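Below: the structure, in structure tokens.
Read-outs throughout are calculated quantities, based only on the coordinates presented, and are distinct from any laboratory measurement. All values reported here derive from a predicted model rather than from experimental measurement. Cβ placement follows ideal geometry from the backbone for every residue including glycine, while neighbour counts extend to all protein chains displayed.
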Amino acid sequence: MELGEYSDEDLLEAGGESVKMEQWGRAKTFLTEYFDRRIARGDMISPTALASLGLSLGHSQELRRGLELCKRAQISEPRNPYVYWAMAKVQLLGRTRKEAIDTVERGLRAAPDNFILLRLRKQLGVRQPPPLPFLHRNNGLNIKLGRLMHRLKGTAAAVA
């Protein structure tokens with residue numbers, strides 16, 4: 001079936017399924033067609049669809065445009081955790097890990113219990129705060145205390 005024979009809803013659904021299955025080229029094809037149709041008619045595009053298109057573009061070596069679409073989606077719907085997840089994934093593709101971590105943290109402030117953001121944060125391996133926050137992280141005392149706490153309590157050790 002050719003793209004012209006798909007309805008807007010079918011294009012969006014096929015694009016979303018392709019993103020779930022990480023078929024980035026296919027997702028880009030369906031979502032670009034959906035995007036182009038909606039723009040031509042002057043219709044609104046959902047922030048989730050924008051973020052999905054941005055993610056598929058990021059995987060297709062169009063990082064700048066992908067990140068731009070994710071930022072537009074985040075501005076449109078600042079409480080949507082999927083948008084933050086997609087933006088962080090595009091940032092990781094662009095090798096900006098620190099920005100990706102910041103994006104995940106902003107997303108978790110908007111949706112603290114969201115499992116995809118929590119899982120991504122765990123994958124990124126966010127560091128624990130230093131045991132003595134008034135000393136620099138590289139201070140010998142912080143290093144020794146951190147290692148000791150890690151051995152005693154495991155990786156979830158944190159001093160309140």
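Please identify every one of the trypsin sites (Lys or Arg not before Pro) in the stretch 66-109 that sits in a loop by DSSP and has no more than 10 other beta carbons within 10 Å of its own beta carbon.
Of the trypsin sites (Lys or Arg not before Pro), the ones in loops of the stretch 66-109 whose Cβ has at most 10 other Cβ atoms within 10 Å are R95.
What's the percent breakdown of Cα-Cα distances in the chain across 10 Å bins, shortest bin first?
11, 32, 27, 15, 9, 5, 1
Work out the charge dipole of the chain with +1 on the Cβ of Lys and Arg and -1 on the Cβ of Asp and Glu about the Cα centre, then indicate which of A88, I143, M44 is farthest towards its positive end.
Result: I143, furthest along the dipole toward the positive end.
Could you run the Karplus curve 6.51 cos²θ - 1.76 cosθ + 1.60 with θ = phi - 60° over the stretch 136-148 and give me ³J(HN,Hα) per residue in whole Hz, x for Gly and Pro?
5, 4, 7, 4, x, 5, 4, 5, 4, 5, x, 5, 5
Which cross-chain or sequence-distant (5 or more) residues have an amide H under 5 Å from the amide H of N114, H modelled 1.01 Å from N in plane?
Under 5 Å from the amide H of N114: no residue qualifies.
Starting at the first residue of the stretch 44-58, write each ³J(HN,Hα) from the Karplus equation 6.51 cos²θ - 1.76 cosθ + 1.60 with θ = phi - 60°, in whole Hz, x for Gly and Pro.
Karplus values, whole Hz, x for Gly and Pro: 6, 10, 5, x, 5, 5, 4, 5, 5, 5, x, 5, 5, 5, x.
Roughly how many debye, to the nearest 20, is the charge dipole of the chain about its Cα centre, given +1 on each Lys and Arg Cβ, -1 on each Asp and Glu Cβ, and no other charges?
It comes to approximately 1560 debye.
Counting only GluC sites (Glu not before Pro) that sit in a DSSP loop (anything but H, G, I, E, B) with at most 13 other Cβ atoms within 10 Å, what is the longest stretch of the chain containing none of them?
23-160
Return the calculated 222 nm mean residue ellipticity for the chain, to the nearest 500 deg cm²/dmol, obtained by summing -39500 (n - 2.57) across DSSP H runs with n ≥ 4 and dividing by the residue count. Please report the intermediate quantities before stating the final value.
Details: 8 runs with 109 residues, N = 160.
Value at 222 nm, helices only, nearest 500: -22000 deg cm²/dmol.
Take the alpha carbon atoms of the stretch 33-49, find their center, do the same for the stretch 50-88, and report the distance between the two centers in whole angstrom.
14
Kindly write out, for the stretch 13-29 in residue order, the coupling ³J(HN,Hα) from the Karplus curve 6.51 cos²θ - 1.76 cosθ + 1.60 (θ = phi - 60°), rounded to whole Hz, with x marking Gly and Pro.
Rounded to whole hertz, the list is 5, 5, x, x, 5, 5, 5, 4, 8, 6, 9, 5, x, 5, 4, 4, 4.
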